[in-house]
Amino acid sequence: MPDITTFETLDREIERIGGKPIVLEALWAGDTGGWYLLLYIYTVKGIFFFKRTTRHLLGEVSSPEGIEYFTNGKPSVSLLAEQFGNKASEKYNLTFYFPSPKDTDEDCPAWTERHLAITCADCSKLIIPTDSPHLPKDICYDCHLTREENEKLKDDSPADGGVHMYLYKDDEYEPIGYCTNFESFPIAPFIEEKVKNRLNENAIDIVKLDRQDIIELKGKLENALDQKLDKYEIPVIDERKKRFIITHTLKYKGKEYELMRNFNDEHIRISNFIHSVETAEKAIAENYIYEFYFNKGITYRDDSFLRFIHYVCHGRTNIADISNRYTNILTDTEVLQTLKKLEQLRCVMISNDGVQITQLGQCII
Ligand SMILES: [Zn+2]
C-alpha cells in the first residue's frame, strides 16, 4: 500500500484498479501508533445486469516531510486529502466522501454504511452511534470531550493540583519535573519532612530548598544509591521478551550500569536516583536553588486561561480576545472575575485591556 503524497500517486492507484470510479472515500483509522487517513475507491465494473460495485483501499495520505501535523487547526493530511478529492472529482466526475475532515474520528460510516449513521447534534458530522453505555448517543466523541471540557470551565471545577519543580537562579527557571502528587518525585522521601514544614495554606505555595538543603539531600541520595548499587544485578533478558524491554546505560562514579527502563522497579529507582544526584550536583556547582510550586487553589478554568494566554497568545493578549475564546461558555462577568482572581494570585498582570502572564503564572502550567 503506497503512501499517497501527491495527486499523481493517487491517480496511478485509481488507474491501476480499473473500472469506473464513482466514490473516493477518506476515513480515519487509529491504533497505538497514531492516526492514519486512508483513501478508498468504489468502482463499477461490468455492463447492464452484470454491473458490480467494489471497494478498494488505495493507500494512506501522507504529508511531505517538514510539514507540521496541524495546518490552520486541521490535521495537515486532511487538507491534502481535500485537494486530492477535489482534483479526482473534476477528473472522474466522482463523489468525494470525507465525513470528518476536522477531527480524527474512527466512528464515521463508510459510504455504504451511511444508512446506519446519525448526524452529530453538535457538529453535524455523520457517525455510527456508539454502543458504549458511558457515552452519549447523539454526539460524536470529540463533541462529547468538548462538552465535558466546557462543563468543567462553567463549573469552575478544581484542577488536578500537582507540583512543578524548577532549578532557579537570577530569574532563570529550568523545569525539572511535574508530578500530580509531591510524593511521586524520586527525591520526596529525603525532603518530605522539610517541605511539609515549609508549606502554607496559599492557593499557590512555593517551597524553596537552598544550597545547604541541596548538599544535605545529595548526601542522603548518594547513601541510598550506594546501598542499591551494592545489590545491583545486570539484567538477564529472556529472548522472547527482548522486544518489550527497553534498557539504557548510566554512568555513576566512573562505573557503567545497564538498567531496565520498564518491568524492573529497582532499576527504575536506580536510574531516578542517578539523575537526581546529577541534578543536585548541577545545582550546587552552578548556584541554583530548588523551587516547588504547589497548585492547590487553581481551578480548571484558571489553568485554561493561563494556558490560552501563554501558549495561544504567546504570553500577552487583551480581555476581548479572552472573552472571544470563551464565547457561549462563560459570561463576560465570569471572564473578568477569573482574570481578577489570577491577578490577585500574581499569575497575570492587567493594564487597561491588556493581559500578560507573569513568571509565576508560567511556573504553574
Ligand atoms: Zn460532533
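Some observations on this one:
- Extension gain for residue 210 to residue 262 (0.36 nm times residue separation, less C-alpha to C-alpha distance): 15.4 nm.
- Translational D in µm²/s for segment 1-58 (Stokes-Einstein at 4 °C, 1.567 mPa s, Kirkwood Rh from C-alpha pairs): 103 µm²/s
- Other residues within the sphere of radius under 11 Å centred on the Cβ of residue 158, judged by their own Cβ, net out at -2 (K and R +1, D and E -1).
- FRET efficiency for the pair residue 320 and residue 228, taken as 1/(1 + (r/R0)^6) with r the Cβ-Cβ distance and R0 = 56 Å, rounds to 0.50.
- Three-way shape label, segment 299-363, alpha-carbon gyration tensor, a/c 1.5: rounded
- A simple count of charges around residue 267, restricted to other residues whose Cβ falls under 11 Å of its Cβ and scoring Lys, Arg +1 and Asp, Glu -1, yields -1.
- Modelled spin-label separation between residue 72 and residue 112, with each label point placed 7 Å from Cα along the Cα-to-Cβ direction: 3.4 nm.
- Other residues within the sphere of radius under 15 Å centred on the Cβ of residue 57, judged by their own Cβ, net out at -1 (K and R +1, D and E -1).
- Label point of residue 272 set 7 angstrom out along Cα-Cβ; within segment 183-206, amide nitrogens under 11 Å from it belong to 183-190.
- Base-10 log of normalised Debye intensity for segment 326-365 (one unit scatterer per alpha-carbon) at q = 0.19, 0.29 Å⁻¹: -0.57, -0.98
- Residue 281-residue 356 FRET efficiency (beta carbon distance; Förster radius 30 Å; 0.05 resolution): 0.25
- Of all accessible heavy-atom area on the chain, the percent that carbon and sulfur account for (1.4 Å): 49 percent
- Cα gyration tensor shape for segment 169-294, rounded if a/c is under 1.5, else prolate or oblate: prolate
- Computed on the chain, with alpha-carbon pairs under 8 angstrom and 6+ residues apart, the relative contact order is 13 percent.
- Contact order normalised by residue count of segment 3-109, Cα under 8 Å, 6+ apart, percent: 31 percent
- Segment 3-109, accessible area per residue, ligands and nucleic acids excluded (1.4 Å, Å²): 56 Å²
- Expressed to the nearest 5 percent, the antiparallel share of DSSP beta bridges inside the chain is 90 percent.
- Altogether, the Stokes-Einstein calculation at 25 °C and 0.890 mPa s, with the Kirkwood radius of segment 34-145 over Cα pairs as Rh, returns a diffusion coefficient of 154 µm²/s.
- Average accessible area per residue (Å²) across segment 225-365 - probe 1.4 Å, nucleic acids and ligands excluded: 58 Å²
- Gyration tensor verdict on the chain (Cα atoms; rounded if a/c is under 1.5, prolate if a/b is larger than b/c, oblate otherwise): oblate
- Here's the picture: a label point sits 7 Å out from the Cα of residue 29 along the beta-carbon direction, and within segment 43-57 the residues with their amide nitrogen under 12 Å of it are 56-57.
- Residue 243-residue 333 FRET efficiency (beta carbon distance; Förster radius 41 Å; 0.05 resolution): 0.10
- Residue order by solvent-accessible surface for 69, 252, 92 is 69, 92, 252, largest first, with ligands and nucleic acids left out and a 1.4 Å probe.
The values are calculated or read from the model by the stated rules, or taken from the named source; none is laboratory data. Just so it is clear, the structure is predicted and the values come from calculations on it, not from any experiment. Cβ: placed from backbone, ideal geometry, glycine included. Neighbour counts: every protein chain shown. Surface areas here come from the heavy atoms of the whole protein model, side chains and all, with no ligands, DNA or RNA. Shrake-Rupley method; radii C 1.70, N 1.55, O 1.52, S 1.80 Å.
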